[in-house]
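Notes to accompany the following structure.
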Amino acid sequence: MLILFFNQMKVLLLLLMTTACAALTQDLSGKMFTFPLETNSAYVKFNTSGRDFNAITVCHRSFTDLKRDHGLFSLSTPNNANDFLIFWDNTNKEMEAHIKNKKAEYGGRDYKPNTWHSICTTWDGTTGLTQLWFNGQPSIRKFTNSGSSIGGPVNIIVGQEQDSHGGGFDIKQSLVGMMSDVHMWDYVLSACEIQNYVDERNFTPGNVLNWRALDYQIVDKVLLEHKVTVCY
């Protein structure tokens with residue numbers, strides 16, 4: 001009985017250690033997530049305590065050679081699968097921002113394959129205006145949704161596009177490529193701060209998601225690697 005007790009204690013201690021490690025945040029400066037396979041099961045989930053958003057800015061850098069539709073950032077709640085979605089529509093050659101299931105379309109973007117792109121998207125819940133900053137170049141402001149916040153338990157995913165809260169993945173909308181420097185703010189970032197992000201200068205890190213202190217979970221075949229840089 002004594003041996004069984006100690007064995008049970010060892011298992012409990014191991015579970016507690018595993019849980020503690022999973023809850024720790026990590027500084028991912030100089031790192032990237034690599035999505036090497038076309039799949040409907042591999043993704044990265046970002047954990048946050050935020051539940052109610054009257055405004056949002058999301059910035060990220062991505063690299064892919066896909067010639068099809070794919071999601072880049074997916075935030076869902078039980079009420080809306082596409083509460084805040086950044087999506088590349090390859091048929092129409094446009095970047096799309098979906099806010100509470102309403103879509104703003106941004107064409108004319110030089111979304112070159114095998115190139116790192118910096119993409120920032122802002123939404124102001126008071127005015128309902130959404131704006132896309134593609135490699136530092138601002139779009140016009142477009143109306144999507146106003147008058148109410150994005151609220152409820154949020155599920156934030158990269159690598160897949162959610163068609164339901166936490167699921168409904170389509171293999172033909174998955175990301176194959178790399179992603180880095182994901183930040184999210186609960187306010188509209190200024191033009192100067194966005195430019196500082198694009199130029200990799202000093203900027204205020206995200207207060208909802210911070211790449212330098214990120215709480216995340218990798219599901220299935222996703223790798224965390226050092227960011228690929230050009231060797232001179």
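The values are calculated or read from the model by the stated rules, or taken from the named source; none is laboratory data. The model shown is predicted, which means the values in this text are computed figures rather than measured ones. For neighbour counting, all protein chains shown are included, and Cβ atoms are generated from backbone atoms with ideal geometry for every residue, glycine included. The protein model used for the area step is the full one, side chains on, heavy atoms only, and it has no ligands, DNA or RNA in it. Shrake-Rupley method; radii C 1.70, N 1.55, O 1.52, S 1.80 Å.
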From the phi of every residue in segment 33-42, what ³J(HN,Hα) in whole Hz does the Karplus formula 6.51 cos²θ - 1.76 cosθ + 1.60 yield, where θ is phi - 60° and glycine or proline is x?
8, 10, 10, x, 10, 7, 7, 10, 10, 9
Where the accessible area of the chain is counted over protein heavy atoms with a 1.4 Å probe, how much of it, in %, is carbon and sulfur?
55 percent
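GLY30: net charge of surrounding residues, Cβ under 15 Å, Lys/Arg +1, Asp/Glu -1, itself excluded? Don't skip to the answer; put the middle values down first.
Details: positive: LYS31, ARG61, ARG212, LYS227; negative: ASP27, ASP181, GLU200, GLU225.
Combined, the nearby Lys, Arg, Asp and Glu give 0.
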List every residue whose amide H lies under 5 Å from the amide H of GLY125, counting only residues 5 or more places away in sequence or on a different chain, with H placed 1.01 Å from N in the peptide plane.
ALA55, ILE56
Can you tell me which of THR77, THR126, THR91 moves the most in a GNM of the chain? Springs connect C-alpha atoms under 10 Å apart.
THR91
May I ask you to compute the full-extension gain from ASN40 to ARG141, defined as 0.36 nm times their residue separation minus their alpha-carbon distance, rounded to one decimal in nm?
33.1 nm
Top of LEU189, LEU66, LEU214 by mean-square fluctuation, Gaussian network on the chain, Cα under 10 Å
LEU66
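Cα-Cα over 31 Å: which of LYS31/LYS142; LYS102/LYS172; LYS102/LYS227; LYS142/LYS172? Before the final figure, lay out the partial values.
On the way: LYS31/LYS142 33 Å; LYS102/LYS172 21 Å; LYS102/LYS227 34 Å; LYS142/LYS172 28 Å.
In this structure, LYS31/LYS142; LYS102/LYS227 lie more than 31 Å apart at Cα.
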Quick calc, the chain, dipole around Cα centre from Cβ unit charges on Lys, Arg (+) and Asp, Glu (-), nearest 20 debye, gives 120 debye
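Using C-alpha positions alone, give me the convex hull volume of the chain per residue in cubic angstrom. Don't skip to the end; give the middle numbers.
Numbers: hull volume 34.5 nm³, N = 232.
In the chain, the Cα hull volume divided by residue count equals 149 Å³.
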In the neighbourhood of GLY108 defined by beta carbon distances under 15 Å, the net charge of the other residues (Lys, Arg +1; Asp, Glu -1) is -1
